[in-house]
Amino acid sequence: MDIKEIIGAFLVLFAIIDITGSIPIFLSLKHSNNKFHPLYAALISLGIFVLFFFLGDAALHLFGVDIHSFAVAGSIVLFIMAFEMILGIEIFKTDSGSGGSTVVPIAFPLIAGPGALTTIISLRAEYSDLNILMALLANIVLDYLVLKYIDKLERVLGDTLISILRKFFGVILLAIGVKLLTTNLGTLISSL
């Protein structure tokens, strides 16, 4: 176990997952009565990450999907969420009583998104497996804490700042979706 490697991998994953940037999205889901379970979201995200860490492309190939198609699908979910945030409308409807937002869109693509999944695979070229897994676990714990204490974060931030952040991060999310789509769609088209 190497603390420098754990910190390095943690910072890379933290930047890619961007849980703090997703706070307005979580609040937007909460205000539109989309229930979610923080512990389940964290555990499902962890499971997705571990699956991709050990199986990588093989997991996608099991379903006949490549990483580029997976990223394009994730970008479409991001588009929908961005439009909801920017325009203040509800497109993504879930059963509000069942915790239906726990898996989609929280566990995937917000926490374990295509970019983060690709990153977890590529980190294996730089860091040892144990250090990456420790960094991943630390990120998942942080994600869980943000989801669990989202109401307290909302009180600290206030309604006006949350509204501004929701619109701002909606545009950022849309830009991330566009980049994810164009990068991977170009690769898909050139492979035909």
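The values are calculated or read from the model by the stated rules, or taken from the named source; none is laboratory data. Note that the structure is a prediction, hence the values are computed from the model and not measured. Quick reminder, even Gly has a Cβ in these numbers, built from the backbone with ideal geometry, and neighbours come from all protein chains shown. The protein model used for the area step is the full one, side chains on, heavy atoms only, and it has no ligands, DNA or RNA in it. Shrake-Rupley method; radii C 1.70, N 1.55, O 1.52, S 1.80 Å.
Of the residues that sit in region 175-190 and are without any contact (Cβ under 8 Å) to a residue 40 or more places away in the chain and open to solvent by less than 90 Å² (accessible area, probe 1.4 Å), which one is farthest from the chain's Cα centre (by Cα)?
GLY186
Sort through ILE164, ILE172 and tell me the only one that's at pLDDT below 85, open to solvent by less than 80 Å² (accessible area, probe 1.4 Å) and in a helix (DSSP H, G or I).
ILE172
Filter region 52-66 down to residues that are at pLDDT 80 or above, open to solvent by 70 Å² or more (accessible area, probe 1.4 Å) and within 20 Å of LEU136 (Cα to Cα), then give me how many there are.
Qualifying residue count, region 52-66: 2.
Given the options ILE121, ILE106, ILE76, ILE80, name the one that is hydrophobic (A, V, I, L, M, F, W, C), part of a helix (DSSP H, G or I) and without any contact (Cβ under 8 Å) to a residue 40 or more places away in the chain.
ILE80 is the lone residue from the list that is hydrophobic (A, V, I, L, M, F, W, C), part of a helix (DSSP H, G or I) and without any contact (Cβ under 8 Å) to a residue 40 or more places away in the chain.
Keeping to region 13-30, report how many residues are touching an Asp or Glu at 6+ places or on another chain (Cβ under 9 Å) and open to solvent by 50 Å² or more (accessible area, probe 1.4 Å).
1
Condition test on LYS4, is it more than 23 Å from GLY170 (Cα to Cα) and among the basic types (Lys, Arg)?
Criteria met by LYS4.
In region 105-118, which residue that is open to solvent by less than 20 Å² (accessible area, probe 1.4 Å) and not small (Gly, Ala, Ser) is nearest to LEU180 (Cα to Cα)?
That would be PRO114.
Given the structure, is SER163 among the small types (Gly, Ala, Ser) and within 30 Å of MET1 (Cα to Cα)?
The answer is no for SER163.
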